[in-house]
Amino acid sequence: MKIWRWVFVGLVCSAFLLRIDAVELRRRQPTERISGSAGDVLEDDPVGRLKVFVYELPSKYNKKILQKDPRCLTHMFAAEIFMHRFLLSSPVRTLNPEEADWFYTPVYTTCDLTPNGLPLPFKSPRMMRSAIQLISSNWPYWNRTDGADHFFVVPHDFGACFHYQEEKAIERGILPMLQRATLVQTFGQRNHVCLKEGSITIPPYAPPQKMQAHLIPEKTPRSIFVYFRGLFYDVGNDPEGGYYARGARAAVWENFKDNPLFDISTEHPTTYYEDMQRAVFCLCPLGWAPWSPRLVEAVIFGCIPVIIADDIVLPFADAIPWEDIGVFVDEKDVPNLDTILTSIPPEVILRKQRLLANPSMKQAMLFPQPVQSGDAFHQVLNGLARKLPHDTSIYLKPGEKILNWTAGPVGDLKPW
Ligand SMILES: *[C@@H]1O[C@H](CO)[C@@H](O)[C@H](O)[C@H]1NC(C)=O
Ligand SMILES: *[C@@H]1O[C@H](CO)[C@@H](O)[C@H](O)[C@H]1NC(C)=O
């Protein structure tokens, strides 16, 4: 067995055979349905399984903020805006809060961008507190559970920790007011203070039209073995490379920059999306935060995601069979990436490609306009529906209070 494995590696590594192999692997396979548990859940219809009440807030919490900076509609945290729009016209919306299973507060805490388009979450905690104060004084539902039947979309780097530097985010922790709420966020890292049990991990927003505009013919050969574009080092803050991406990206570069199987670079070519459709494997190493838009792009373009991010919690992990469609490589094993990837038997690669070709997989990664069944909006609702019914213990006894309204950094207590 072992010998065969090595013979196989040797064969695949020879350039000639690799080319033939790649030709074979590039031919788009017929799609394969995920049978059994996980995959089928993607096609669930949430309508009839939950009712959501959308609080009506003054426009300074949402629309006005967007008017100030329309770039918020296209940045990777835009899910907070699109989720709001989606819920307003969704059949799961109820106008009667008495019959609601879930309460949603439309507050765009991530839409405050630097000139370069990076979100600054410094005002987010005050804004969030202000919105919660408002809903809790104007409606009786927040105080009934201290927020346990409320959900919030917090797509920033470290979710409701509201800071883009990890140490600071950890120091802050999740905003105390959100302690009991369900958080819908891109951040997903096991055993991290910024990931609360019961959170729903979503993909970052990637513009669907833009990606669709770059689709190339399905039969195009996959002639690139491993593809990656992005930073390897944070030259400004961390020239040694041990801190940024926990050194995983630096290790990719140092080990494979001259390896002909690896098409890796920091340059972002105009053919980026097309190149992913010509690649067998697309590296998805962690960066500033563990999640990455690359994962979404890889799934959309049928390139097998190679996930290098120990303890990551991937989007909709209870519905998408990530182990079947992707390859997980431990951060410490990056130096063996070539051996690991060339040792994967062709039939396993073909199966992953067939599963990736399943439209429900791609659909679940996108927040399209107009919405489509099975898209990421629907997956969020499915996730919320799976948490029902609420345990009766979430309802507080008369006079009972769990949240401490003045906990957290003093700066957060200033009015917004
Ligand atoms: C809910 O509790 C907060 C904090 O104790 C209080 O200020 C607010 O008036 C309460 N809301 C209602 C509707 O009673
Ligand atoms: C609430 O938090 C503040 C600030 O951390 C603290 O001083 C206060 O004692 C806490 N109140 C209760 C009732 O725990």
Exercise for the section: Give Q133, Q209 a once-over and let me know the one that is within 16 Å of ligand 2 (Cβ to nearest atom), more than 23 Å from I307 (Cβ to Cβ), surrounded by fewer than 18 Cβ atoms within 10 Å (Cβ to Cβ) and not aliphatic (A, V, I, L, M). Expected result: Q133
Practice task
Find all pairs meeting these conditions: Cβ atoms under 8 angstrom apart; at least six residues apart or on different chains; first residue within region 133-148 and at negative phi; second residue within 16 Å of ligand 2 (Cβ to nearest atom) and among the basic types (K, R).
Solution key: T145/R180; A148/R180
Exercise for the section: Evaluate the following for R126: is it touching a residue at least 60 places away in the same chain (Cβ under 8 Å) and either within 30 Å of P389 (Cα to Cα) or among the basic types (K, R) (or both)? Expected result: yes
Exercise for the section: Would you mind stating whether P398 is part of a loop (DSSP other than H, G, I, E, B) and either of a type in the set (S, T, N, Q) or within 14 Å of ligand 1 (Cβ to nearest atom) (or both)? Expected result: yes
Handout entry: Residue identified as in contact with a helix residue (DSSP H, G or I) (Cβ under 7 Å, 6 or more places away or on another chain) and closer than 30 Å to S90 by Cβ among D333, D375
Key = D375
Handout entry: Residue in region 152-168 that is of a type outside the set (V, I, T), assigned by TED's automatic domain parsing to the domain that holds Y395, out of contact with any Cys (no Cβ under 8 Å at 6 or more places or on another chain) and within 16 Å of ligand 2 (Cβ to nearest atom) present
Key = no
Fill in the blank from the handout: Within region 287-330, residues being touching a helix residue (DSSP H, G or I) at 6+ places or on another chain (Cβ under 7 Å) and at positive phi number 2
Practice task
Might you let me know whether region 90-103 holds any residue that is touching a strand residue (DSSP E or B) at 6+ places or on another chain (Cβ under 9 Å), among the β-branched types (V, I, T) and surrounded by fewer than 18 Cβ atoms within 10 Å (Cβ to Cβ)?
Solution key: yes
Problem - helices (runs of 4 or more DSSP H) enclosed by region 283-352 - at least 3 residues per element that are touching a strand residue (DSSP E or B) at 6+ places or on another chain (Cβ under 6 Å) - result: 293-300
Exercise for the section: Examine region 370-390 for a residue that is within 16 Å of ligand 2 (Cβ to nearest atom) and in a loop (DSSP other than H, G, I, E, B), and state whether such a residue exists. Expected result: no
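The values are calculated or read from the model by the stated rules, or taken from the named source; none is laboratory data. A quick note: this is a predicted structure, and the numbers were derived from the prediction, not measured. Don't worry about glycine lacking a Cβ; one is built from the backbone with ideal geometry, like all the others, and counts go over all protein chains shown.
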